[in-house]
Amino acid sequence: MACASFAKLNAASSQWIGQQSFTQRTGSSSSTRFATRRVSVPIRAGAYTEELVKTAKTIASPGRGILAIDESNATCGKRLASIGLDNTETNRQAYRQLLLTTPGLGDYISGAILFEETLYQSTTDGKKFVDCLREEKIVPGIKVDKGLVPLPGSNNESWCQGLDGLASRSTEYYKQGARFAKWRTVVSIPCGPSALAVKEAAWGLARYAAISQDNGLVPIVEPEILLDGDHPIERTLEVAEKVWSEVFFYLAENNVVLEGILLKPSMVTPGAEHKEKASPETIAKYTLTMLKRRVPPAVPGIMFLSGGQSEVEATLNLNAMNQAPNPWHVSFSYARALQNTVLKTWQGRPENTEAAQKSLLVRAKANSLAQLGKYSAEGESEEAKKGMFVRGYTY
Ligand code: 13P
């Protein structure tokens, strides 16, 4: 197996091995004689390589996907405000406890992305959230970027901070039980995107990915191409192809092991303000075309973000992408498209907790079926069909 051979090469050190020589036999004019020739294959082997490959495969396992609940305190505050709750640590903990202690969640969810506060929190009974996850065989993950700030010299675009001190933070997150990481940067189509913004996004993601792998965390690589704009789907395809080609260029330059990463792309859709909506079949066709052109099959999993689509839309689109076998596991890593109905059901009332957990299971199961290409939207609630797009949304 690839992971075993990576690890055997240099299990104890974290270094670039590069240009390993292999002997390959090639045919000659005589069927009984072989010439030997040296073929160089660059291999990066680090202390964690075998584990990274295993973690990525576990997260990308059939019928499962990621629950993203890594909202910063400010963004979590917006979620809580939508049901009339104050943005206090107690309320954030109560909400995260509801989500992370849902019985049976692990049947559909393989990983949960947490915000730093949640990684170190426990239930009101004193059980660590990471232990609640492990019991359900859900891998704990951590958002490691420090958010977006304006990018000087660009067309009102932004760049993502967080590389300073990332190695030492990642070491601590690993000790606390995290096994994968997330870094979200954005690309805006109406703002250009400028060559500078795309290059900065791709380089930042690649540096983060290399640092995460060096510290035992599988990096989720997420250049979110925002839904904002009135452009047609063809324009999104063009931009997505450009962005992902740069991302893979810099991932290679940073010697990132592709078998130990996961991607979190936006689906290729028309801009949210485009005059026509696209069907799930069209979105699946454009998205898979883009991915097949840009993503090597060495990458184990594609875990989509929902980006402001309604819960049902996000599930239908995922289902359409899984109607035929793909070179990678094609699944979900939704925040809004898994949490919307849960919040509306909960309303911050303890007596609604069980019903809210059931509604999380409904969404998780629907997306699990979509991962297997077996979902039908029959019986879905009106609430789940409501779009959540917000112009200029900040996460
Ligand atoms: P949404 O599914 O709400 O777009 O979340 C994206 C994200 O990056 C959460 O981790």
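Some notes on this structure:
- The range 180-302: antiparallel DSSP beta bridges as a percent of all, rounded to 5: 0
- Applying 1/(1 + (r/R0)^6) with r as the Cβ-Cβ distance of Glu172 and Glu238 and R0 = 35 angstrom yields a FRET efficiency of 0.30.
- Electrostatic dipole magnitude of the range 48-385 [Cβ: Lys, Arg +1; Asp, Glu -1; Cα centre; debye, to 20]: 460
- Solvent-free Debye scattering, log10 I(q)/I(0), computed from the Cα coordinates of the chain at q = 0.13 Å⁻¹: -1.08
- Over 30 Å (Cα to Cα) - which of Lys127/Lys385; Lys285/Lys358; Lys182/Lys242; Lys146/Lys275; Lys242/Lys275 fall in this group: Lys127/Lys385; Lys285/Lys358; Lys146/Lys275
- By accessible area, using a 1.4 Å probe on protein heavy atoms only, the chain has 52% of its surface on carbon and sulfur.
- Euclidean distance of C-alpha centroids, the range 59-98 and the range 336-395, integer Å: 13
- Taking the DSSP bridge list for the chain and keeping only pairs wholly inside it, about 30 percent are antiparallel.
- With R₀ set to 35 Å, the beta-carbon distance separating Lys386 from Glu351 gives a calculated FRET efficiency near 0.90.
- Here the sum of -39500 (n - 2.57) over DSSP H runs of 4 or more residues, divided by the residues of the chain, equals -12500 deg cm²/dmol at 222 nm, to the nearest 500.
- In a fully extended conformation the segment linking Asp164 and Ser61 would gain 33.8 nm over its present Cα-Cα distance, using 0.36 nm per residue.
- Using a Förster distance of 30 Å, the FRET efficiency for Glu378-Thr124 (Cβ separation, nearest 0.05): 0.20
- Cα centroids of the range 123-177 and the range 262-281: 27 Å apart.
- Sum of side-chain charges, Pro103 neighbourhood, beta-carbon under 12 Å (Lys, Arg +1; Asp, Glu -1): -3
- Across the range 48-385, C-alpha contacts under 8 Å between residues 6 or more apart give a mean separation that, scaled by the residue count, equals a relative contact order of 19 percent.
- Under the Debye formula (equal points on every Cα, no solvent term), log10 I(q)/I(0) of the range 182-252 at q = 0.24 Å⁻¹: -1.02
- Extending 7 Å from Cα along the Cβ direction at Lys292 and again at Leu196 yields two label points whose distance is 3.8 nm.
- Remark on Val218: its backbone amide H falls under 5 Å from those of Phe180, Ala181, a criterion applied only to residues 5 or more positions apart or on other chains, H modelled at 1.01 Å from N.
- Heavy atoms of Thr341 accessible to a 1.4 Å probe, total area in Å² rounded to 10: 20
- Looking at the chain, the accessible area is 43 square angstrom per residue; that uses a 1.4 Å probe and ignores ligands, DNA and RNA.
- Pairs of Cα atoms farther than 18 Å apart, the range 115-179, %: 49
- Selection from Gln347, Pro270, Leu258 lying farthest towards where the dipole of the chain points positive, charges on Cβ: Leu258
- Summarising the amide proton neighbourhood of Lys128: residues at separation of 5 or more, or on other chains, whose placed amide H is nearer than 5 Å comprise Thr123.
The values are calculated or read from the model by the stated rules, or taken from the named source; none is laboratory data. None of the values given here were measured: they were computed from a predicted structure. Using ideal geometry, Cβ is built from the backbone for each residue, glycine included, and neighbour counts are taken over all protein chains shown. Quick note on the areas: whole protein, heavy atoms, side chains included, nothing else; ligands and nucleic acids left out. Shrake-Rupley method; radii C 1.70, N 1.55, O 1.52, S 1.80 Å.
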